[in-house]
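Note sheet for the following structure.
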Amino acid sequence: MELQHSAGFNGAIIEEYRFTEEDFILPGITWQRRREFTEDKCFISDFDRALQSRWVEKMEQGLFRYPLWSLQTKILPGTIKYVAQLNIKRGIERRKPQDIKSIQEKFNPNQFNFNKIKHEEILFQMLRSSTEEDSSGSVIHRKPNHVCALPSSRHSRTLVVINVSPLEFGHVLFIPDPSLCLTQILTPDLILLGLESILLSGHPGFRVGFNSLGGFASVNHLHLHGFYLDEELLIESAQCKPLCPDINFHQLSHFPAPGFIFYTDGKNLLSVSQKICQVTDYFVNRNIAHNVFITRGSNLSSSSCLESREGIRVVIWARQSCFGAKEESAFNVALCELAGHLPVKNEEDFSTLTEESVISIVKSYLLSDEEFSALSLELVEHLTNSRRI
């Protein structure tokens, strides 16, 4: 990892975080609660240290809509072990979501977008590179091998920005070059950076996710979420049904929110990112809202326990679209909630929620069993045909 200063957002000087494949933490890491700072490099990486220290600085500077240092957290009784957190301020003070009417809605410069954020909200910008020395001893920066052939890559630099209405410690947004004004439709190069961010973090609870338009994305400007959650989630070890096992594409089973799941041990990240977007592009073209969750997890083809966390699980949910829909009083059903992490808006719901009531709310936003089964068959055919082309 290399930090330096360079011209960036709107001509301002911001810190640059260069990383290479050598910075990735492989194989997987053992689960252990590690939110606090530590000099144990097995758990706090350079990436974690840069993100956490700058995030704390921004919190101390009062740049967030509300202070957030720790949240009242409990595990709901039951087999799913939902992680409920009371976050009243986020429910009250977060920016009002944009009035979205289509999953393919075009970028609107007149609405809030990330070109309008304050420069102070930026932590740093990320750039893939590898370093060599030429004959004179000068450093040469090159792209790592797995992104050299990335097709249709539209950006190479990604801003890491605080989410001013955080749902957890270290909540940031990954925003590819905001000046490109990309709509909230997932791209291979951004999902690739999401995978890389998980590998750059030594914290087992660092997660990354994506909400599509109609899937409770609040801003139509391309971005991922990243945050630390100091609790285990069942989806990181839940059993899966193989759909296309040769490309590590499975169906998430034994879980109330059935979805589709890719697995990688950290290799072939370019190929994995392209396959993920084959699925999400299929959804976009058919106006199916969706959410994506990326986390460390156990191998899909083994009966590994959570503690092993050999690689990365990428879960994709197809769901009912929410356009101008009334929000739930307890929690909105987006990437966190589908994964089993519940940021709850009020004390009454926090004290009365049960596993059964959570499952009822979540399922009301998902496809029916018949729709999900039909979609599974369609995706298998789609991915199989894509490999033949």
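The values are calculated or read from the model by the stated rules, or taken from the named source; none is laboratory data. The structure presented is a predicted model; accordingly, all values stated were derived computationally and were not measured. Cβ: placed from backbone, ideal geometry, glycine included. Neighbour counts: every protein chain shown. Ligands, DNA and RNA are excluded from the accessible area calculation, which covers all protein heavy atoms including side chains. Shrake-Rupley method; radii C 1.70, N 1.55, O 1.52, S 1.80 Å.
Among the criteria (1) open to solvent by 10 Å² or more (accessible area, probe 1.4 Å); (2) of a type outside the set (A, V, I, L, M); (3) at pLDDT 95 or above, the one Pro176 does not fulfil is (1). Of the strands (runs of 3 or more DSSP E) lying entirely inside segment 209-255, those containing at least 1 residues that are over 14 Å from the mean Cα position of the chain (by Cα) and in contact (Cβ under 8 Å) with a residue 24 or more places away in the chain span 240-244, 249-252. Residue check: Cys148 meets all listed conditions (1) open to solvent by less than 20 Å² (accessible area, probe 1.4 Å); (2) over 26 Å from Phe283 (Cβ atoms); (3) at pLDDT below 95; (4) touching a strand residue (DSSP E or B) at 6+ places or on another chain (Cβ under 9 Å) but one, namely (1). Confirm whether Ser218 is open to solvent by 10 Å² or more (accessible area, probe 1.4 Å) and either farther than 26 Å from Ala84 by Cβ or touching a Lys or Arg at 6+ places or on another chain (Cβ under 7 Å) (or both). Here the answer is yes, as Ser218 does meet what is asked. Scanning segment 52-74 for residues that are open to solvent by less than 90 Å² (accessible area, probe 1.4 Å) and among the basic types (Lys, Arg) gives Arg54, Lys58, Lys74. Annotation: of all residues in segment 107-139 being of a type in the set (S, T, N, Q) and loosely packed, with under 10 Cβ neighbours inside 10 Å, the one that is modelled with the highest pLDDT is Asn110. Figure legend. Inter-residue proximity from segment 99-125: first residues closer than 26 Å to His290 by Cβ, second residues open to solvent by 50 Å² or more (accessible area, probe 1.4 Å) and aromatic (Phe, Trp, Tyr), beta-carbon distance below 7 Å, spacing 6+ or different chains. Indicated pairs: Ile100/Phe323; Lys101/Phe323. When segment 358-386 is limited to residues that are small (Gly, Ala, Ser) and open to solvent by less than 40 Å² (accessible area, probe 1.4 Å), the one that is nearest to Lys74 (Cα to Cα) turns out to be Ser376. Only one of the listed residues (Asn291, Asn332) is at pLDDT 95 or above and either closer than 28 Å to Lys89 by Cα or hydrophobic (A, V, I, L, M, F, W, C) (or both). That residue is Asn291.
Pick out the one residue from Gly209, Gly170, Gly202, Gly259 that is modelled with pLDDT under 95, of a type outside the set (A, V, I, L, M) and open to solvent by less than 10 Å² (accessible area, probe 1.4 Å). Of the residues listed, the single one that is modelled with pLDDT under 95, of a type outside the set (A, V, I, L, M) and open to solvent by less than 10 Å² (accessible area, probe 1.4 Å) is Gly202.
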